[in-house]
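Here's the structure we're looking at; comments come further down.
The values are calculated or read from the model by the stated rules, or taken from the named source; none is laboratory data. It should be emphasised that the depicted structure is a prediction, and the values quoted were computed from it without experimental measurement. Counting neighbours? That spans all protein chains shown, and the Cβs are built from the backbone with ideal geometry, glycine included.
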Amino acid sequence: MMLSLLATAALGAVPQEPWPGASAVAELHAKHGFAEVEAEWQKITGLFMRSFQVRHVAPAVTRAFAEPFSAPAFASELTERWREQLFAKSPDLEAWLRASAALHGEALGELASLPPAAALEQGSFAERLAAAEAHLARAAEELELALRAIPADERAVLGEQLATLGAGFIEHIYVTLQPQHRETLEKLQPLELAHFYRAALMLLPLCDSRWIGGLEKCWNAEKPPAPKLLPPGVSGRVVYARETPLGWILVGGGASQRYGARAALIVDWGGDDVYEAQATRADASQLLNLVLDLRGKDRYEGGSEPAQGSAVLGVSVLCDFAGDDRYTAGRFAQGAGFGGVGILWDRAGNDRFEADALAQGAGGFGCGLLLDSAGDDQLRAKLDAQGFGWPRGVGLLADALGDDQRVATEGYPSSYGTAGEWNAHSQGAGFGFRTLDGVNPKLGGGYGVLLDGAGDDRSTVGEFGFGIGYFFGWGIVRDFGGDDQVNASRYGIATGAHNGIGIVFDDAGSDRYANPHTASIAGNWDLQLSFFLDAAGDDHYLADGIGLGGSTITSLAVFVDLAGNDVYQLGSDLGFGGCGHASDVERGSRSWAFFLDLGRGTDQYPSSSPLSPAPANDLECLRRREESSGEKRAVSGVGVFLDR
């Protein structure tokens, strides 16, 4: 079965080697008789999936638990496609939105009734704005379809309840134990997510510098009269202002403006501007919001939520084309879509992003994207951020270029009471809503993804971070280049727990991965799939407890390093292919692990190890762990170590 799985992936045909080390894993699988372990694993995981009766498990997640080696092939092709779409000179946001919707089975269809994009670049200043308003009007029609099951007078309350659900999740991940949150989840079920995505698609033709630049040229040529009335909170050189049924449409000139009012469309072509939160968000009171800033060192303030290309019911898109900008916000911010779509696209500049939680590329019941196309940036959040996915959601942080610093920690104390440690759920984290009873509803998690194109980056993340999945959620990190450093905490770096999937790909660079806590660097716990795949570079790995190709309680962990002279630090016997737990014996299952260093380099392993034989260069061995549960004694884990 395994060899056939390596020949296909969920997104279509793939190369002969669908992911780094696939052929070597297939060889070891056949050589050491893993088919029996695989059959046991599929039987037990299938039983647990059926017994949970989980809503909204994504199709690729279901397939991965039935065919575990389809998971890295799927993630590899998905992230490669997203790199092509988002890191191109002219990013294809439409293709990305369609692909994101498809992850949860949402088909968007054609946009046949959309006004032609050519109309945006023809005619006078007023005519071009009228063409833009036609796009906004079509998007508004789609939003009404998305919300048609929710009476208009109940939408504001639902938005507030959705925000309260987010706050409840921040306090405790078992949100469905609370009656008020169960009620909110039931109200969210009728949302027609495809129409949110379609509304976002209809805004994309406006996110074109040629249209904004053409609008500026028309104004300079025509010099239409200044508006007589501005909405409260708006000041500066505003050259056009009109209140429409969709909301205010505002155009700012070359001076520095302040925007502190709700708006359907803001276009600003110069100056160091200030944007308050209400000008950069969508919610039940302003379902549609588009902000386009062409130049300037701007300041985006977040005194209330949502903010800065974020939506809690609706669609908000913020495009900043140039300048060293500063974004400061709380929750539901900086490319967050909950009950809708939120996109923040910063095209250039050395920027600084600060937020609390549910931010910086976070999505649930919709999608959120923070796309940074260039610059040496600093991103700081505390929880549920930087590529975070809730049920029926996609959250993506995509950074194309630059030496970046990403921090997601130091806001919410450790879930385990560990002194000096902090919770995170960030940097490629997919989370579902899990409970331990058979009564309260359970929802499979979304996709949390972090993509980095190039640059020497520094990532610091608290517990549950950097390519982690929790309860049918899928976390992915793909780093395409650079000498990077990652510092993580418990359940960090290609790991997770309780029916999750965690994957980290690193394509190039000499990197350092440090996690001195258990469950790290392809080390996992309880019905988990974890893959860590490094293709090049002289790398340094520091782990503890379950790590470096170690798995426990009916889990699979795969660690592959393809090249370089690497350094490994791990003092545990649950790594380097060591795996298993007494609970495996109790369940009648076995855990399953691979550690493969295939670089033919001179690697450094711990000077002492509880494993026998100890990890070493030019060694291949099978590891079988035997344990007891009550009076029953059996093999709890089977793994393989290979260095060549």
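For (1) touching a residue at least 24 places away in the same chain (Cβ under 8 Å); (2) in a helix (DSSP H, G or I); (3) assigned by TED's automatic domain parsing to the domain that holds Gly105; (4) closer than 13 Å to Trp390 by Cα, each residue gets a yes or a no:
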residue	(1), (2), (3), (4)
Gln161	yes, yes, no, no
Leu165	no, yes, no, yes
Phe169	yes, yes, no, yes
Ile173	yes, no, no, yes
Thr176	yes, yes, no, no
His181	no, yes, no, no
Leu185	yes, yes, no, yes
Tyr197	yes, yes, yes, no
Within the stretch 205-227, track down each residue that is among the acidic types (Asp, Glu) and more than 17 Å from Arg295 (Cα to Cα).
Glu222
Residues satisfying the stated conditions in the stretch 219-249, i.e. surrounded by fewer than 17 Cβ atoms within 10 Å (Cβ to Cβ) and part of a helix (DSSP H, G or I)
Asn220, Ala221, Glu222
Collect the residues in the stretch 292-332 that are aliphatic (A, V, I, L, M), farther than 19 Å from Ser209 by Cα and in contact (Cβ under 8 Å) with a residue 40 or more places away in the chain, keeping them in residue-number order.
Ala311, Val312, Leu313, Val315, Ala329
Could you run through the stretch 426-467 and say how many residues are among the hydrophobic types (A, V, I, L, M, F, W, C) and within 12 Å of Arg392 (Cα to Cα)?
3
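Just one of Thr518, Thr495, Thr554 is surrounded by 24 or more Cβ atoms within 10 Å (Cβ to Cβ) and touching a Lys or Arg at 6+ places or on another chain (Cβ under 7 Å); which is it?
Thr554
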Might you check whether a residue that is under 25 Å from Gly411 (Cα atoms) and either free of Cβ contacts under 8 Å to residues at least 24 places away in the same chain or in contact with a helix residue (DSSP H, G or I) (Cβ under 8 Å, 6 or more places away or on another chain) (or both) occurs anywhere in the stretch 477-495?
no
Of everything in the stretch 550-597, what is farther than 13 Å from Asp643 by Cα, in contact with a helix residue (DSSP H, G or I) (Cβ under 8 Å, 6 or more places away or on another chain) and of a type in the set (A, V, I, L, M)? Give them in sequence order.
Ile553, Leu556, Val558
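Look through the stretch 521-551, keep the residues that are among the small types (Gly, Ala, Ser) and within 20 Å of the chain's Cα centre (by Cα), and return whichever of them is surrounded by the most Cβ atoms within 10 Å (Cβ to Cβ).
Filtering the stretch 521-551 for residues that are among the small types (Gly, Ala, Ser) and within 20 Å of the chain's Cα centre (by Cα), the one surrounded by the most Cβ atoms within 10 Å (Cβ to Cβ) comes out as Ser530.
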Only residues that are under 17 Å from Ala167 (Cα atoms) and either surrounded by fewer than 24 Cβ atoms within 10 Å (Cβ to Cβ) or β-branched (Val, Ile, Thr) (or both): list them for the stretch 342-395, please.
Asp356
Among the numbered criteria (1) of a type outside the set (A, V, I, L, M); (2) without any contact (Cβ under 8 Å) to a residue 40 or more places away in the chain; (3) farther than 30 Å from Gly271 by Cβ, which single criterion is violated by Pro232?
(3)
Determine if the stretch 535-546 includes at least one residue that is closer than 16 Å to Ile503 by Cα, among the small types (Gly, Ala, Ser), part of a strand (DSSP E or B) and at pLDDT 95 or above.
no
Return the pairs, sorted by first residue and then second, in which the second residue is among the small types (Gly, Ala, Ser) and exposed (fewer than 15 other Cβ atoms within 10 Å of the Cβ), the first residue lies in the stretch 598-620 and is within 15 Å of Phe641 (Cβ to Cβ) and modelled with pLDDT under 95, the beta carbons are less than 6 Å apart, and the residues are 6+ apart or on different chains.
none
Out of everything in the stretch 72-108 that is part of a loop (DSSP other than H, G, I, E, B) and touching a residue at least 24 places away in the same chain (Cβ under 8 Å), what residue ends up being surrounded by the fewest Cβ atoms within 10 Å (Cβ to Cβ)?
Ala107
Looking at Leu120, Leu114, can you tell me which residue is in a loop (DSSP other than H, G, I, E, B) and in contact (Cβ under 8 Å) with a residue 12 or more places away in the chain?
Leu114
Restricting attention to the stretch 42-50, does a residue exist that is surrounded by fewer than 21 Cβ atoms within 10 Å (Cβ to Cβ) and outside any helix (DSSP H, G or I)?
no
Given (1) buried (at least 24 other Cβ atoms within 10 Å of the Cβ); (2) not in a loop (DSSP other than H, G, I, E, B); (3) not acidic (Asp, Glu), number of the condition Gly296 does not satisfy:
(2)
Among residues belonging to the stretch 396-419 that are among the charged types (D, E, K, R) and out of contact with any Leu (no Cβ under 8 Å at 6 or more places or on another chain), point out the one that is surrounded by the most Cβ atoms within 10 Å (Cβ to Cβ).
Asp403
Are there strands (runs of 3 or more DSSP E) fully within the stretch 361-448 with at least 2 residues that are outside the structural domain of Leu162 (by TED's automatic domain parsing) and within 16 Å of Val57 (Cα to Cα)? List them.
362-372, 393-399, 429-431
